[in-house]
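Participant: Before I ask anything, let me first share the structure, which is written out below as structure tokens.
Computed from the coordinates by the stated procedures, all read-outs in this text should not be read as laboratory data. Every value quoted in this text rests on a predicted model; they were computed, and no experiment measured them. Neighbour counts are summed over all protein chains in view; Cβ atoms, including those assigned to glycine, are modelled from backbone coordinates with ideal geometry.
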Amino acid sequence: MTTEQTVFVVEDDARMCAAIELLLRTGGYKVRSYPNAEAMLADQKGVQSICLVTDIRLPGMDGLALHRRLVAIGAAPATVMITGHGDIPMAVAALKEGVVDFLEKPFHPPLLLESVKEASRRALAVRDHELKKADRKLRLDTLTPREAEILDLLVEGQPSKVVASRLGISVRTAEHHRARIMEKLGAPSTARLISMMSAM
């Protein structure tokens, strides 16, 4: 597997960290590793939707607290949590927090790769969604005030006749505006336009 996805690894055991790095790089991932949560957070530069592998027990801030912190700052982490001292309540708590997987050391290397593959897929999907959302926002900003008014009515499901009547314009003018709105927002149909706006 070859991927441009970077996996962030937080592990205070240097030997374990090196082993995870080697495994992930062999699997085709880029890797950035840190000995603790604080170092990882200090190195964040607005990276969105990250793939994270972290030990749950770390000096200072623990792995679950790191996951929560990343969620709070909008990094949308897809997290694989590992531990040498796991128990069922700890695993359940992590999964309830949205952690992708919880693996106990010593783990079978293919299991970690499979978990990271799923976490990477989720992180990329979130990133793709956010990029599309940002693109739609930029496109919305190109609408004129009149087009924005008409868009609101179109999203309500109103036909051109009703739009024209409500705004005191001709049906032809309403249809012209609708065509311009769809062109600006990249919507091939009114149904797609409504779907796009619902996803905002």
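Participant: Go ahead and collect, in residue order, the members of the range 62-91 whose backbone nitrogen is under 20 Å from a label point 7 Å along the Cα-Cβ direction of Ala19.
Facilitator: Answer for the range 62-91: 63, 80-87.
Participant: Based on the Cα coordinates of the chain, what is the per residue volume of their convex hull in Å³?
Facilitator: 142 Å³
Participant: If you don't mind, another one. Using the Kirkwood radius over Cα pairs, work out the Stokes-Einstein diffusion coefficient for the range 19-135 at 25 °C and 0.890 mPa s, in µm²/s as a whole number.
Facilitator: So the translational diffusion coefficient is about 169 µm²/s.
Participant: From the C-alpha coordinates alone, can you work out the Kirkwood hydrodynamic radius of the range 96-200, in Å?
Facilitator: 16.7 Å
Participant: What distance in nm lies between label points placed 7 Å from Cα along the C-beta direction at Ser195 and Glu104?
Facilitator: 4.5 nm
Participant: 222 nm [θ] for the chain, helices only, -39500 (n - 2.57) per DSSP H run of 4+, per residue, to 500?
Facilitator: That comes out to -17500 deg cm²/dmol.
Participant: Here's something else I'd like to know. For Lys30, which lysines qualify as cross-link partners when the Cα separation must be under 27 Å and same-chain residues fewer than eight apart are set aside?
Facilitator: Lys45, Lys105, Lys117, Lys132, Lys133
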